[in-house]
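The numbers here are math on the coordinates, done by the rules we state, and not lab data. The model shown is predicted, which means the values in this text are computed figures rather than measured ones. With ideal geometry, Cβ positions are generated from the backbone for all residues, glycine too; neighbour counts draw on all protein chains shown.
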Amino acid sequence: MFSISVQDLHKTYPGALEPSVSGLSFSFPRGIIAGLLGPNGAGKTTTISILCGLVRADSGKVQVFDLAQDVAHREAIKRLIGIVPQQIALFPQLTAVENLVYFGNLYGLKGKPLRDKIDEFLLRFGLEKNGHKEVYKFSGGMKRRTNIIAALLHDPQLLILDEPTAGVDVQSRNLILQFLKDYNQQQGVSILYTSHLLEEAQSLCHEVAVIDVGRLVLQGQPSQLIQQHPECRNLEDVFLHYTGLAVRD
Amino acid sequence: MLRLLATIRKEWLLLIRDRGGLALLFLMPLVLITVMALIEDAPFRDYQELKFDVLTVDNDHGRLARYIKEGLEHSGQFNLVDTLAGQAVTEAAAKKLVNEGDYKICIVIPRGATAAIVSNANRIVNDLSKRMGLPAVAPVKSRNDSLDVTIYFDPAAKKAFKSSIHQALDNFLTQVETDLLLERIKQQLRSREAEAADTFAIQLKAVGLREQATGPTKQIDIIYNSVQHNVPAWSIFAMFFIVIPIAGNMIREREDGSLLRIKLIPGSYLAMLTGKMLFFMSICVVQFYLMILVGIYLLPLLHLPRLSLGHTYLPAFVVALCIGLAATAYGILVGTVFKTPNQALSFGAISIVILSAIGGIWVPLEVMPPTMQFIGHLTPLNWGLEAINDIYLRNGGLQQVWANAAKLMALCGVMLFIAARVEKKRMG
């Protein structure tokens, strides 16, 4: 039983010389925290966009909880997924609560159940005193935490986070990572996480897939991958071993 | 419905916290309408409402000069000036003053003008008397002089102004000549039969002129003045300026990822787009009626005419809705097509200014060259203005405005279709 299954995925954007994804295949079991890692231009964003149904693949098969990502299942998959984009996808002029009420309403949630849920998440993310402050007044870490809450309101089965800790301070990063671990353990929610912080990925993820130039280059549990490469001290060394030292655009 | 209401609430909260946007939507048009109505008040006034100083050089000192002077004064348009610094105005001095622009017009009545008219009337009476077998006794001049009343205009005077003065003076001359002729005929007949002459009357005008309303009501006193033009015109301009907040809002949502988040939420994006459209359309309608209130209550305080609204209110509401929808759809199209706020805002603002200039917002279409009039009739701002004028000036109802309202709705549909295609292509 997989949360995500990708088989022989191909995608070339119109006008692009090179494919963004070329024969990519990987899968993650349900209920784990999975890391999708790769250098810039590896194809992570394209893969996530195809998983969410935002971009149509040229060919290949994508399944989310055994549902094929196609027109027939697109809406059902959207209900299962909560996505935390890399950008702060909130309205800066609205307060955190107003943002969360709006996104909750879009998911069909309303009234006291929604307000209780918002209050609970604000508390868990240490934002209970700032819920009625406009988001543009927030620090980077507070924005990131609110950005994550907006993806959790509808109780997704699969949480996709695109660099959720980019640009945040140590305390906020620690809180976010601890929440993700707890959320995964307590709710059994599957998590797909992308990051360039490999130390973070090593400590958070049960399993990682490393992709480069649109292909899978490596997959496994971080600890096992490190063990398989005695010359590597950590996941970052393994990553560099496979993707090289050349700077990517 | 929840998604739609949530979107309306969200847009409302965003708007009330955007003071610059609020000023752009409500304060800017208020100032614009007031300023434009004041600036264009004089050019819009009929010549009948304006008074000009007219230099008169009377070399005749007869009946013709008196008639012309009385006629000009009676019209209420002219202040006659026949002396300057206690001296009678001479033709040379008058010419100089008019040429320098100190006066717009000078009328020179030549010496012997009345005598020439009297002589001409006598000649006609004598001729008629002869043909009727009566004695021709009225004195006539031996020479048939050709005299002209001379008019000097300020070189900068407009053609329409010259034309109206020409026409007025021509009427006075005809009037004097006719009066004298009739008087001479009466005198001739009175000399033959005094009793009959006592009851003798000639009604010269068998057919008169009467102004009637063309609309369903009898109201004919709505004058197309500065307020009547500028209030609806600049209200429509302001409504279309909603392209700025809508396009900016859409691009910001796309850039900060909130649009992505919205699109990843199950359910139709159409409900959210409809909520956005309904909200901004409502803002447009509020703008419209706020500006109408300015025309009714504020502008009269500045000694401008009060805005007249016609006799039915529903058609204006329908037209305001249609303009609001077209303006909102234009904002959505601009916000979809352009990638950066700078591009969208510059294009949006400049395109509205151009469309308004072409569409008769700045100056009525009627004063433009025929080609520009043709182009102007193709712009949505003109459709809106025409529909409002049909209601406010021509007392029209839904029947009169449906064609322009339908054009606005059709344009709204086309723009939304194009926006949907562009967005679909982008997502692909």
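Here are a few things to note about the model shown:
- Considering only B:G360, B:N120, B:N171, the residue lying farthest towards the positive end of the dipole of chain B is B:G360, judged by Cα position with unit charges set on Cβ.
- If you run the Gaussian network model on chain B, springs between alpha carbon atoms under 10 Å, then out of B:K96, B:K104, B:K159 the most flexible one is B:K159.
- Between 0 and 90°, nearest 10: helix B:341-358 axis offset from chain B longest Cα axis: 20
- Förster radius 45 Å - calculated FRET efficiency between B:V137 and B:N79 (Cβ-Cβ, nearest 0.05): 0.60
- Given charges at Cβ of Lys, Arg, Asp, Glu: the protein assembly as shown dipole, positive-most of B:V89, B:I391, B:I185: B:I391
- Here segment A:41-197 carries DSSP beta bridges of which approximately 25% are antiparallel, counting only pairs with both residues inside.
- Cα-based helix-to-principal-axis angle, B:269-293 vs chain B, degrees rounded to 10: 30
- The distance between label points at A:K61 and A:D119 comes to 4.8 nm (points 7 Å beyond Cα on the Cα→Cβ vector).
- J(HN,Hα) series, segment A:189-196, from Karplus relation 6.51 cos²θ - 1.76 cosθ + 1.60, nearest Hz, glycine and proline x: 7, 6, 10, 10, 10, 10, 6, 9
- Applying 0.36 nm per residue to the separation of A:Q187 and A:R74 and subtracting their alpha-carbon distance, the gain on full extension is 38.3 nm.
- Residue with peak Gaussian network fluctuation, chain A [Cα springs, cutoff 10 Å], from A:K44, A:K61, A:K112: A:K112
- Segment A:107-212: C-alpha gyration tensor shape, a/c 1.5 cut-off, then a/b vs b/c: oblate
- Which of A:Q221, A:S27, A:F239, positive extreme of dipole for the protein assembly as shown (C-beta unit charges): A:S27
- Shielding of A:66-78 by partner chains, average beta-carbon count, 10 Å: 1
- For segment A:90-149: relative contact order, % (alpha-carbon pairs under 8 angstrom, 6 or more apart): 50
- Long pairs among A:K44/B:K276; A:K181/B:K424; B:K69/B:K159; A:K129/B:K276, criterion Cα-Cα beyond 26 Å: A:K44/B:K276; A:K181/B:K424; A:K129/B:K276
- Listing B:M1, B:M291, B:M281 from fewest to most neighbouring C-beta atoms within 10 Å gives B:M1, B:M281, B:M291.
- Dipole check for segment A:90-149: with +1 at the C-beta of Lys and Arg, -1 at the C-beta of Asp and Glu, and the Cα centre as origin, the magnitude is about 100 Debye.
- Taking amide hydrogens as placed 1.01 Å from N in the peptide plane, the amide H of A:S25 sits under 5 Å from those of A:D8, A:L9, A:L216, each at least 5 positions away in sequence or on another chain.
- Relative contact order (percent, whole number), chain B, Cα cutoff 8 Å, 6+ residue spacing: 17
- Between A:V55 and A:I50, the built amide H atoms are under 5 Å apart, and every one of these is 5 or more places off in sequence or on another chain.
- Computed magnitude of the charge dipole of the protein assembly as shown (debye, nearest 20; Cβ of K, R +1, Cβ of D, E -1): 860
- For A:Y13, residues with placed amide H under 5 Å, excluding near neighbours: A:S20
- Seen against the Cα atoms of chain B and their longest principal axis, helix B:113-131 is set at about 70 degrees.
- Dimensions (Å) - chain A, Cα atoms, principal axes, largest first: 50, 43, 36
- Comparing A:L198, A:L122, A:L17 in a Gaussian network model of chain A, where Cα atoms under 10 Å apart are tied by springs, the biggest mean-square fluctuation is seen for A:L17.
- As a length-normalised measure over Cα pairs under 8 Å and 6 or more apart, the relative contact order of chain A settles at 27 percent.
- Overall size of the protein assembly as shown from C-alpha positions, given as principal axis extents largest first: 143, 48, 47 Å.
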